[in-house]
1. Which one of A:ALA180, A:ALA142 is among the small types (Gly, Ala, Ser), within 9 Å of another protein chain (Cβ to nearest Cβ) and either under 16 Å from the mean Cα position of the chain (by Cα) or open to solvent by 10 Å² or more (accessible area, probe 1.4 Å) (or both)?
2. Residues in the range A:65-79 that are of a type outside the set (Val, Ile, Thr), at pLDDT 95 or above and assigned to a helix (DSSP H, G or I): how many?
3. So which pairs qualify, if the first residue must be in the range A:293-315 and of a type in the set (Val, Ile, Thr), the second must be surrounded by 10 or more Cβ atoms within 10 Å (Cβ to Cβ) and assigned to a helix (DSSP H, G or I), the Cβ gap must be under 8 Å, and the two must be at least 6 apart or on different chains?
4. When the range B:159-174 is examined, which residues are found to be of a type outside the set (Lys, Arg) and either within 14 Å of chain A (Cβ to nearest Cβ) or under 15 Å from B:VAL403 (Cα atoms) (or both)?
5. I'm told B:GLU104 meets every condition in (1) touching a helix residue (DSSP H, G or I) at 6+ places or on another chain (Cβ under 9 Å); (2) acidic (Asp, Glu); (3) without any contact (Cβ under 8 Å) to a residue 40 or more places away in the chain; (4) part of a helix (DSSP H, G or I) except one. Can you identify the failing condition by its number?
6. Can you tell me how many residues in the range A:18-47 are within 8 Å of chain B (Cβ to nearest Cβ), closer than 17 Å to B:ARG430 by Cβ and in contact (Cβ under 8 Å) with a residue 24 or more places away in the chain?
7. Restricting attention to the range B:303-327, which residues are of a type outside the set (Gly, Ala, Ser) and at the interface with chain A (Cβ under 8 Å from one of its Cβ atoms)?
8. Could you give every pair whose Cβ atoms fall below 6 Å, whose first residue belongs to the range A:264-287 and is assigned by TED's automatic domain parsing to the domain that holds A:HIS317, and whose second residue is open to solvent by 40 Å² or more (accessible area, probe 1.4 Å) and modelled with pLDDT of 80 or more, counting only separations of at least 6 or pairs across chains?
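The values are calculated or read from the model by the stated rules, or taken from the named source; none is laboratory data. The structure presented is a predicted model; accordingly, all values stated were derived computationally and were not measured. Quick reminder, even Gly has a Cβ in these numbers, built from the backbone with ideal geometry, and neighbours come from all protein chains shown. Areas reflect the complete protein model, heavy atoms only, side chains present, ligands, DNA and RNA absent. Shrake-Rupley method; radii C 1.70, N 1.55, O 1.52, S 1.80 Å.
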Amino acid sequence: MADFKLKIRRFDPESGEPAYWGDFDVDLPPERSVLDGILQVKDREDASIGIRCSCRAAICGSCGVRINGKSALACNTRIGEAAERARDGAITIEPMGNMPVVKDLITDMEAVHWKKVRRVVPWLLPAEEPPEHSEYIVPAEAMLDVTQAMACIHCGVCVSACLSMEVDPHFIGPAALAKAYRFVGDPRDGAEEERLKDLAEDPHGIYDCTHCFACVEVCPKDVAPMNQIMRLRRRATGDHGIKDDNNGYGHEKAFVNLIEKYGTLHEAQLLPRSFGDGSLVKGQIEPGAVKQLIESLPTALRGLKSGKVTPKKALLHPKLPDQDQVRRVFSEVESKDDRVELNLYIVGESGGEEAEA
Amino acid sequence: MPQHDVLVIGAGLAGQRAALAAAEGGASVGIISKVHPVRSHSNAAQGGINAALNPEDTWESHAFDTIKGSDYLGDQDAIEIMCREAPEELLELEHWGVTFHRNEEGRLGTRAFGGASAARTYYVADITGQAILHVLYEQLMRHEEVYRYEEWFTTALVQDEEGRIAGAVTRNMRDGSMELFSARAVILATGGNGQIYDPTTNALICTGDGIAMAYRIGAPLMDMEMIQYHPTTLAGLGLLITEGARGEGAHLYNAQGERFMEKYAPNKMELASRDVVSRAEQTEINEGRGFPDGTVALDITVVPRKRIHEALREIVNVGRDFAGVDITQEPIHIKPGNHYTMGGVRTDVNGQTPIPGLYAAGECACVSVHGGNRLGANSLLDTLVFGRRSGAHAAQAIKGLPVPEPARASVGAEQEVIDAIVSRDRTGRRVSEIKAELGQVMDRYVAVFRDEQGLNTALETVRRLQEEAQTVAVDDKGSVFNQDVLGALELQFMLDNAEAIVIGAIERKESRGAQYRTDFPDRNDDEWLKHINISANGEGPEVSYSEVTLTQWEPEERKY
């Protein structure tokens, strides 16, 4: 047993008072969870603390909070480890971010999450009538592939941590987009292209993700929502060639082409290539992209001003010395009939061996 | 006053399946749940769902396994229906989009499970319940005409003057307002009561609400003494390690390194039925061959690594996060722990209780398909088959019935109960103290091994706690998400459940299924091949009996 200090963010909507911190002491073995700590406070001292919780085993997805500022499930965060990361020795527990707070640690997930889940048409739209007295015959790998997205428990922890959501509250968000992949990647679904077009063309859709990995890092179920978003992009761009008004298609293509050519990102070329198929110098910009290009000029100028981009670097981007190897990776991948996507249920050969050692 | 043809209370698998079936039957449907539907405890069903779908398998084989598993207490007509309808139910789920495991030909693949004579358990890794629950919720979102009342807490069922069900009283947790729902039919799908035990694999929400509410308006409870202890739960926390682990080949060892199931079930070994394995483990532990922490070891390392990642992923996480054990590298310590309520509100094969218009489905119901002991992967099947049958039946049965007008006074009465708790000053014990004592007493005396003396102690304790519960006070005086006052109501529900369980266990003077009486160690078909029913008659619980329905399987000795 050990003593831990909890600082719990309290908010009573009926009091008319702003939120405040409540300080509590708990006595638990360090391997027990932060949720166990909160429940001990509720049991012994103050049962008015509001927190949704049920299974205590990271299955029901109720107890998403921020612990020492980091979004997590309270039930699968060990209290001893949380204490080690705590500033001033007190573990801070706050409601999830990017969501309105209803009371104490209880947030309004309907407003910022479930509404968006419904936005992605979250049910199977079968390609054909189901076979009679039989299942759909589909590849085992395809089922395992979408099962990673199916593993999502909709706890909202990724939504809480999402940086894009902070800037654009209308962003569909990591969990709802992972849900979308669950249908797009499902061979039984017949609306792959419509779904992808819809999510690519929505300015708050798949290209609103900034690829920051925050959702991957915090997800308690290894759903890796960002990876699912990237899969949606690969399918939208690579498989369906969906050209969207957000220039997501062009940006994705430009990225891949530049890496194939230089091995590293040629940032000065990225912008013009994203907005046109060729370089800015050659004047192959797509007319529809002019407005966005102009809007991005201040960013480019700031880069020049801060020295991040220099005219020399911008014009003469060196290739990697072993650029041929990069090309070989490209041709190896492109020569395959099927795209191999690893996930938490399909572990790569090398991954297995590493873990073995 | 919200009005629906069919009101479903509880939104786990049974509730959602009932709501979908009732909607397809043309009824206007409301579904109420004290948690968001995807938080329901059906999530925790890891291993899979049974169905005799393979051409080599037969429903009769599935039915026989279930009947033998039930220790012949299951009603064979109901079991026949469940096993016959299992394949189509499974295929419907597949057509709705459940990502069931496939074999190399792309067809549905199976795993082995306890007490089964064929590998007939269909699964999604080890998140089967979660996957089905989320897919049903997808379908629920698609059906815009089904009204969802998420985070509404039902406090009481309401009848009309003739005793027919007329609706329910609920509290909107978001703002604390009380609402009277009018309904031509009410389907209870509120789950089990594991929280009356400590530890338990059950979630904090599993407080037997529906069982208690039905009991309070006179519905008989059946087989309540049959409480399943799951053989593989983590010591202390009670978290579940799926039977799928043993289905995939994991072994059980005592502290002396003996694979002890050889002694108890030489044919089925670790895959004997749950009551048998739990008793074997508890015997090893009681006789000093367990580990010092009161456990035995489950060795999953014999399962190939790739297979563990593909099929037992959640168990890797549970081991790592909650026990600090890498199950791919070392055995994990486990013990029997409270898991499942075989008994519940007595229903017929269409989910109808003896109260007109009141249905029950899933763990809160007792059809009875599980009898004395439920087989692994039959619970999901039970929720779905009888959830669907309840919803479909209710949608037809209400046709032509007038819109009931439940008495407004019922809301006032419920409001008074809540007001009394909220306004009370603390003089007695806390809700948490009473709950903790209840959990300890039940786990000590009403567990794997029972005897009359212990059961009497348990009954005395439960009755004392019932009195103490009358004086609990709460810290939260507010209206918005006052979980504290709901906890006080849940405590009363739990105590009603506990009382019925103990009375049933005292009454049944034999050993059958999950009920093992050390003072009556044998099964006694002559006297006890019957269901125990417990009803509230105003003055207290009343015991009566009902026949076990036998069709083509005569009771015989049970060996694994």
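1. After ruling out the rest, the residue left standing is A:ALA142.
2. Adding up the residues that qualify gives 2.
3. Qualifying pairs under 8 Å: A:VAL309/A:GLU267; A:VAL309/A:ALA268; A:VAL309/A:ALA300; A:VAL309/A:GLY303; A:THR310/A:LEU304.
4. B:GLN159, B:ASP160, B:GLU161, B:GLU162, B:GLY163, B:ILE165, B:ALA166, B:GLY167, B:ALA168, B:ASN172, B:MET173
5. (4)
6. The number of residues fulfilling the criteria is 1.
7. Listed by number, the residues that qualify are B:ARG305, B:LYS306, B:HIS309, B:GLU310, B:ARG313, B:GLU314, B:ASN317, B:VAL318, B:ASP321, B:PHE322.
8. A:SER274/A:HIS251
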